[in-house]
1. Being touching a strand residue (DSSP E or B) at 6+ places or on another chain (Cβ under 9 Å) and open to solvent by 50 Å² or more (accessible area, probe 1.4 Å) is the filter here, so list the residues in the stretch 278-302 that pass it.
2. Got at least one residue in the stretch 309-332 being assigned to a helix (DSSP H, G or I) and either of a type outside the set (D, E, K, R) or closer than 30 Å to Tyr30 by Cβ (or both)?
3. Pick from the stretch 47-84 the residues that are at pLDDT 95 or above, among the polar types (S, T, N, Q) and open to solvent by 10 Å² or more (accessible area, probe 1.4 Å): which of them is nearest to Gly382 (Cα to Cα)?
4. Can you pull out the helices (runs of 4 or more DSSP H) entirely within the stretch 362-460 that have at least 1 residues that are more than 26 Å from Lys324 (Cβ to Cβ)?
5. Of the numbered conditions (1) closer than 30 Å to Tyr173 by Cα; (2) aromatic (Phe, Trp, Tyr); (3) crowded, with 16+ Cβ neighbours inside 10 Å, Tyr369 satisfies every one except a single condition; which is it?
6. Restricted to the stretch 85-98, and to residues that are outside any loop (DSSP other than H, G, I, E, B) and of a type in the set (Lys, Arg), which residue is most open to solvent (accessible area, probe 1.4 Å)?
7. Among the residues that make up the stretch 134-157, is at least one of them modelled with pLDDT of 95 or more and of a type in the set (Gly, Ala, Ser)?
8. Is it the case that Leu258 is open to solvent by less than 80 Å² (accessible area, probe 1.4 Å), more than 21 Å from the chain's Cα centre (by Cα) and touching a residue at least 24 places away in the same chain (Cβ under 8 Å)?
Amino acid sequence: MKTNKIILSFSILFILASQFALADFKMPEYKKLTLKNGLTVYLMEQHEVPLVDIRVVTKAGAINDGKQYGLANLTGDALSLGSGKLSKKEIEDLFAFYGAQLGGGVGLESASTSLSIASKDVDKLLPVFRDIITKPLFNETEFNKQKKRYIDQLTQSRERPRNVIGSAFNKMYYGDHPYGNPVEGDASTVEAITLEQVKSFYKNFYSSNNSALIIVGDFKTRKMVKKIKRLFKGWNSNKIKTIDLTQFNPPKESNVWLINKEDAIETTFMIGGTGIPSNHPDKVALQVINTILGARFTSWLNDELRVNSGLTYGARSRLNSQSKFGNFVISTFTKKETTFEALDLAIKTYHRLWNKGIDKETLDSAKTYVKGQFPPRYETSGQLARLLSTMWSLDLDNSFINNFQKNVDSLDVNKANKIAQSVFPKNNLQYVLVGKTSELKEEAKTYGKIKEMEIKTFKF
């Protein structure tokens with residue numbers, strides 16, 4: 001009897017959790033303000049746990065690298081090499097003592113630095129975080145050690161095709177457009193970057209009027225505003241040189257990049273073409289459609305390439321969106337002997353969007369799945385801080401969040417098929433294959449214009 005009660009209790013909890021997951025999720029309230037120096041500030045109170053997540057996002061991504069690929073990434077990493085009156089080790093020891101977590105990352109259009117701390121430690125650690133952003137020391141010894149480690153990592157990454165194929169595809173698709181810049185760079189370009197160039201990049205882009213400060217967690221907004229105004233008033237603004245991202249023409253024919261890895265027993269490949277910008281009006285609908293195609297375990301691509309044929313351990317598709325443009329890719333890997341069997345099956349499965357279309361049962365399943373996955377992505381203060389930073393850097397508003405369920409619910413079969421057939425690229429697909437190219441070249445010619453390179457030596 002006791003066991004039955006426990007089972008019943010868990011069943012009730014599961015039902016309640018499911019109902020919550022499907023509830024109409026809305027963006028929590030937050031305050032947005034702009035300081036006199038141009039710094040944008042987002043403050044969102046969340047009192048469930050005594051934590052505060054702080055994030056500064058700056059429009060200082062890889063699109064600003066020029067031909068110095070990896071410069072934005074190296075600069076973002078160098079912020080933590082010492083700041084204010086503290087050395088790198090002193091900062092690390094201080095944060096370790098308080099259990100604080102310092103992080104960061106650089107993308108194509110922005111760079112971010114984050115700190116997660118206990119709410120009781122805000123007064124002690126927020127000034128240190130401010131100094132990391134606004135007063136980096138760029139210690140030469142630490143920079144040289146950091147650069148050497150990073151070059152070693154880049155060199156080692158060439159041993160794993162999945163580490164390089166995404167950047168290779170981006171470069172192939174975007175060409176000389178700034179979106180083609182590889183965020184991580186390569187060993188040769190990073191080796192050539194000097195500390196003076198890092199300092200110059202920081203000076204050119206890391207300014208108050210080119211940044212946003214996001215704080216989410218357990219605090220009082222009124223008191224936090226006073227702290228921020230006092231701490232960040234000395235961060236100077238700057239005249240920012242903007243990059244023109246509006247000029248881009250997608251490839252007019254199919255191309256194939258063959259990246260040779262002589263000892264490969266597998267072929268890793270990526271197929272794709274034109275995608276959507278981050279503010280596309282049908283972005284939510286396309287998320288649902290891509291879930292059907294290749295964004296969950298029971299997707300068409302995974303069913304056909306993994307479950308039904310056993311050609312791979314997994315196949316996925318995704319829409320990569322930036323502020324102005326985007327691309328769509330299908331990616332997987334297979335034994336070298338089954339390369340073209342898997343490639344053709346991936347294309348055939350993808351073409352179901354046109355040849356067969358989406359039925360109501362499949363669409364309803366995907367809609368339920370997407371709605372169930374959506375709220376958990378924005379549960380923690382760190383996740384919400386990341387969301388606000390993305391919204392600021394890509395100039396998005398709350399509608400994506402607040403109208404998400406409505407947009408999913410309004411998607412019917414006719415609309416889904418119309419969007420799928422009009423947005424997903426069918427012609428002029430681009431291909432990147434990483435494997436033993438001597439065994440791939442002849443058959444690969446049938447897919448497009450060939451370009452060959454070596455995985456260890458090719459440069460973006």
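1. The answer is Asn279, Lys283, Gln287.
2. Among the residues of the stretch 309-332, not one is assigned to a helix (DSSP H, G or I) and either of a type outside the set (D, E, K, R) or closer than 30 Å to Tyr30 by Cβ (or both), which makes the answer no.
3. Asn73
4. Here the list reads 381-393, 404-409, 413-423, 441-444.
5. For Tyr369, the exception is condition (1).
6. The selected residue is Lys89.
7. no
8. Yes.
The values are calculated or read from the model by the stated rules, or taken from the named source; none is laboratory data. These numbers were taken from a predicted model, which means no experiment stands behind them. Cβ sites come from the backbone with ideal geometry, for glycine too, and all protein chains shown count toward neighbours. When the accessible area is computed, the model is the full protein with side chains, heavy atoms only, and any ligands, DNA or RNA have been set aside. Shrake-Rupley method; radii C 1.70, N 1.55, O 1.52, S 1.80 Å.
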